[in-house]
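Read the structure below first, then the notes.
The values are calculated or read from the model by the stated rules, or taken from the named source; none is laboratory data. In this text the structure is predicted, and so the values were computed from the model without any measurement. Here the Cβ positions follow ideal geometry from the backbone for every residue, glycine too, while neighbour counts run over all protein chains shown. Accessible surface is based on the protein model in full, side chains and every heavy atom, while ligands, DNA and RNA are left aside. Shrake-Rupley method; radii C 1.70, N 1.55, O 1.52, S 1.80 Å.
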Amino acid sequence: MIAYAKTAEEIIGVVVMDVLEPFVAALFAVALIMFLWGVVEFLAASDNETARETGKRHMLWGIIGLVIMVGVNGILWILITFVANIP
């Protein structure tokens, strides 16, 4: 049996698939949970203005987190495409 060394593309593929994608997915989930928690707080506290403000703040930070994660995901795929096309 002969063992072959992995190419740079294979190593990058393994790192992306096994490390970065689960990490990005977990951060997406955290941002979505933060947004949904803000919606629940906002709707549940219709009579309490401070609780409504807290809900608004959580929704805002959830949306900001989702936008950042979409940007990170886009940058990741641009880098992957760039590295995969290097001769």
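Karplus couplings for segment 37-44 from phi (6.51 cos²θ - 1.76 cosθ + 1.60, θ = phi - 60°), rounded to Hz, Gly and Pro as x?
Result, ordered by residue: 4, x, 5, 4, 4, 5, 6, 6 Hz.
Using Cα pairs closer than 8 Å and at least 6 residues apart in sequence, work out the relative contact order for the chain, in percent.
For the chain, the relative contact order is 28 percent.
Compute, for the chain, the length of the dipole vector about the Cα centre, with Cβ point charges of +1 (Lys, Arg) and -1 (Asp, Glu) only. Units Debye, rounded to 20.
That gives the chain a dipole magnitude of about 100 debye.
For ASP18 paired with LEU79, estimate the spin-label separation in nm (one decimal), with each label point 7 Å from Cα along the Cα-to-Cβ line.
Spacing of the two 7 Å Cα→Cβ label points: 1.8 nm.
Which residues' amide hydrogens lie under 5 Å from the amide hydrogen of ALA45, considering only partners 5 or more residues apart or on another chain, with H built in the peptide plane?
none
What are the ³J(HN,Hα) values, in whole Hz, obtained from phi via the Karplus relation 6.51 cos²θ - 1.76 cosθ + 1.60 with θ = phi - 60°, for each residue of segment 47-60 in sequence order, with x given for Gly and Pro?
Coupling constants for segment 47-60: 9, 9, 5, 5, 5, 5, 5, 4, x, 4, 5, 5, 5, 4 Hz.
Considering only the other residues whose Cβ falls under 14 Å of the Cβ of GLY62, what net charge follows from Lys and Arg at +1 and Asp and Glu at -1?
Local net charge: +1.
For MET34, MET69, give me the order by solvent-accessible area with a 1.4 Å probe, most accessible first, ignoring ligands, DNA and RNA.
MET34, MET69
Restricting to DSSP H runs of at least four residues, report the calculated mean residue ellipticity at 222 nm for the chain, -39500 (n - 2.57) per run over all residues, nearest 500 deg cm²/dmol.
That comes out to -27500 deg cm²/dmol.
Using just the Cα positions, wrap the chain in a convex hull and report its mean projected area in square nanometres, one decimal place.
Dividing the Cα hull surface by four gives the mean projection, 7.3 nm².
Residues with beta-carbon under 15 Å from that of GLU53, excluding GLU53: net charge, scoring Lys, Arg +1 and Asp, Glu -1?
Details: positive: ARG52, LYS56, ARG57; negative: GLU41, ASP47, GLU49.
Taking every other residue near GLU53 into account, the sum is 0.
For TRP77, TRP61, what's the largest-to-smallest order of accessible area, 1.4 Å probe?
Details: TRP77 115, TRP61 145 Å².
So the residues, ranked largest to smallest area, are TRP61, TRP77.
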